[in-house]
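A short worksheet on the structure shown next.
The values are calculated or read from the model by the stated rules, or taken from the named source; none is laboratory data. Keep in mind that what you see is a predicted model, and the values were worked out from it rather than measured. Don't worry about glycine lacking a Cβ; one is built from the backbone with ideal geometry, like all the others, and counts go over all protein chains shown. We work out accessible area using only protein heavy atoms, side chains counted, and drop any ligands, DNA or RNA first. Shrake-Rupley method; radii C 1.70, N 1.55, O 1.52, S 1.80 Å.
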Amino acid sequence: MVTKSIPVLPFAWYERAQRRKQSALTPIWEVLDQVKDPEIPVLSIWDLGVLCDLQAIDGKYVVSITPTYSGCPAMETIRADIAAALEAAQLQPYEIVTRLSPAWTTDWLSPQGREQLQAYGIAPPAGGGCAHAQGLTPEAGIECPHCSSSNTRRISEFGSTACKALFQCQDCQEPFDYFKHF
Amino acid sequence: MSDFNLKAATQEYATRLGDDAVVLGHRLSEWTSNGPFLEEDIALSNVALDYIGRARMYYTYAAELAGNGKTEDDFAYTRDMREYRNLLIHELPRGDFAYTMVRQLLVDVFNTYYLPELAKSADSTLAGIAQKAIKETRYHLRRSHEWTLRLGDGTEASHQRMQRALESLWGYTHELFDADPLELQLADAGIGVHNAALRPTWLAQVSAILTEATLTVPKDDWAVRGGRVGYHTENLGHLLNDMQFLHRAYPGCQW
Ligand SMILES: [Zn+2]
């Protein structure tokens, strides 16, 4: 297994990490870490960036979440899973609020989340670079999560879910999902 | 302006935008399992989902402003054709693949200019919805643009179908740039968008893409209007019949 270079962390991620680090609610954040993205079950909603914030307001836990894409069908399940996790840990009362702004971006993926995607066989979003100036998916060159070759080509901009595009590796011939830069 | 109720107007505006999104989303969803090949089937379904997601956000906001216990579902499923306020271009039947792609191109370019304006709205919810939608629209446009080039500058048959679709849709594009007094007042209040101002840039970009695709920009010699006042083509009735049947037959059903 080739060791991959770690990309420079986006500032948006740093801000998120600071918010969590400065929170006094560490055990509750950890309860929420049990909640995974239903479509990519290795990825917690924190690592995905869907979980924005957690606060204790007037004796109530207020959990803020944000949808990835407008039509993300996983949001209902995520809400239900958060409720179940909090109730199982007897953390009540709570409220789950949806935030639309600022809009979710793949810059909120945690470094750990990127590694988990890779290990799961999904190429993490390529950051920066001129191919991504408009935030779109390049036609080729996304690193294959199976053999690390960059000799790959885009098959379809829209993959199995809105957040993924479909690629194929020209070296190992495996098709793979690419988590789109967004 | 003393009789102008900003909250009620914003609710109406959010409903209109929700209507645009749900109707086009439904039309696109009709391609699910009918796409020309698997990747395209998935892509159209994904775009449909983006629009239905937008509709949900706009309707949820409209319901919140209405404050009468109604939900997004009431907006989508229990209003009749005359109560729908979507622009007509969104309700026209999906037609063939060329027709669907031409409509997407015209609407995607419009959204490319409209959404960044709405993202500056003084209303933070509308601005937030627009900020999300902008990014999706970039992906949508790249796809409709590529298909327009491929089919317009493709075979004789594909070129003809594209040109035919363009001719039959063009008269419905004028309504995209209209505004009634409510929308004008909202735009003046910094909440809505002055749509009319977007037409020159829209026309320039659409014309450039069509020319590159060897297609002819149609003449502006006809226009159909009426969506924002509830006058629709017969097609919306059929669409609602399909979309609302289950909810009306089994109110509040869940599975
Ligand atoms: Zn490979």
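Could you tell me whether the range B:160-170 includes any residue that is more than 14 Å from B:LEU92 (Cα to Cα) and either open to solvent by less than 20 Å² (accessible area, probe 1.4 Å) or part of a loop (DSSP other than H, G, I, E, B) (or both)?
yes
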- Residue satisfying condition, being closer than 27 Å to B:THR125 by Cα, out of contact with any Asp or Glu (no Cβ under 7 Å at 6 or more places or on another chain) and in a loop (DSSP other than H, G, I, E, B), within set B:ALA179, B:ALA196: B:ALA179
- Within the range B:20-43, which residues are under 30 Å from B:ALA62 (Cβ atoms) and in a loop (DSSP other than H, G, I, E, B)? B:GLU30, B:TRP31, B:THR32
- When every residue in the range A:155-165 that is more than 14 Å from the ligand (Cβ to nearest atom) and assigned to a strand (DSSP E or B) is compared, the one farthest from A:PRO124 (Cα to Cα) is A:SER156
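Taking the residues in the range A:63-104 that are among the aromatic types (Phe, Trp, Tyr) and within 11 Å of chain B (Cβ to nearest Cβ) as candidates, determine which candidate is nearest to the chain's Cα centre (by Cα).
A:TRP104
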- Message: Need pairs with beta-carbon distance below 6 Å; first residue of a type in the set (S, T, N, Q) and within the range A:143-161, second within 14 Å of the ligand (Cβ to nearest atom) and assigned to a loop (DSSP other than H, G, I, E, B); sequence gap 6+ or separate chains.
- Response: A:SER148/A:VAL2; A:SER149/A:ASP171; A:SER150/A:GLY141; A:SER150/A:GLU143; A:ASN151/A:GLN170; A:ASN151/A:ASP171; A:THR152/A:ILE142; A:THR152/A:CYS144
- Message: If I ask for residues that are surrounded by fewer than 22 Cβ atoms within 10 Å (Cβ to Cβ), more than 10 Å from every other protein chain (Cβ to nearest Cβ) and touching an Asp or Glu at 6+ places or on another chain (Cβ under 9 Å), which ones from the range B:29-64 would you list?
- Response: B:GLU30, B:TRP31, B:THR32, B:SER33, B:ASN34, B:GLY35, B:ALA63
